[in-house]
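Below is one structure, written out as structure tokens; the observations come after it.
No lab work stands behind these numbers, since they all come straight from the coordinates. Keep in mind that what you see is a predicted model, and the values were worked out from it rather than measured. Please note: Cβ atoms are built from the backbone with ideal geometry, for glycine as well, and neighbour counts cover all protein chains shown.
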Amino acid sequence: MDAKHRCIQLFGWLSVIAGYGFALLLLRGIFIGITQGFRGHPQTFWLLLSYLLFLALAAYFFTAGRRAISIAQGNPRPKARFGWGRMLVGAMLIFAAASAEFHPFPTSVRALEYDNETQAAGGHVTTIAVCIGSVFLILSGIWKGFRQQTIKPDARS
């Protein structure tokens with residue numbers, strides 16, 4: 001195995017380990033949430049949504065790592081039909097923008113406050129632009145799955 005394939009295999013294993021690590025952190029968070037009780041908290045919906053996004057991130061890292069390991073060993077798996085990475089990044093950016101706007105989680109960090117109307121308008125325009133870009137990321141990931149796969153002609157002929 002040459003250096004290129006060895007590096008691909010190494011990054012694949014690191015990605016698999018990161019996926020398992022994220023999954024363990026998710027299980028820890030769910031266990032703490034269950035033992036402290038979810039009921040009666042107004043942020044339960046946001047917690048469950050964040051757990052779902054975290055699970056998707058862990059699964060994405062795991063599958064991307066497995067695919068990289070297979071490529072390094074010489075038996076590549078078929079490409080994913082949808083652009084799962086794009087869709088995941090878009091969903092996480094929208095979740096982050098919504099969390100920053102609505103402040104569903106109690107934190108010790110002070111919320112962002114604007115000094116004047118111009119700064120507030122600029123902040124809101126930036127948030128809207130990030131959300132629109134994220135929607136385009138999600139739609140491009142979905143579009144990748146539905147467009148017709150073209151078969152490339154053989155370069156030797």
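Tabulated values for the structure
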{"quantity": "Shape call, the range 1-79: gyration tensor on alpha carbons, a/c limit 1.5", "calculated": "prolate"}
{"quantity": "Candidates per trypsin sites (Lys or Arg not before Pro) in the range 62-151, loop by DSSP, up to 13 other Cβ within 10 Å", "calculated": "79, 81, 110, 147"}
{"quantity": "Shape of the chain, Cα gyration tensor, a/c cut at 1.5", "calculated": "oblate"}
{"quantity": "Axial C-alpha extent at least 30 Å, average Kyte-Doolittle at least -1.0 - helices from the chain (DSSP)", "calculated": "3-36, 44-73, 117-146"}
{"quantity": "Only Lys, Arg (+1) and Asp, Glu (-1) charged, at Cβ; the chain dipole about Cα centre in debye", "calculated": "1040"}
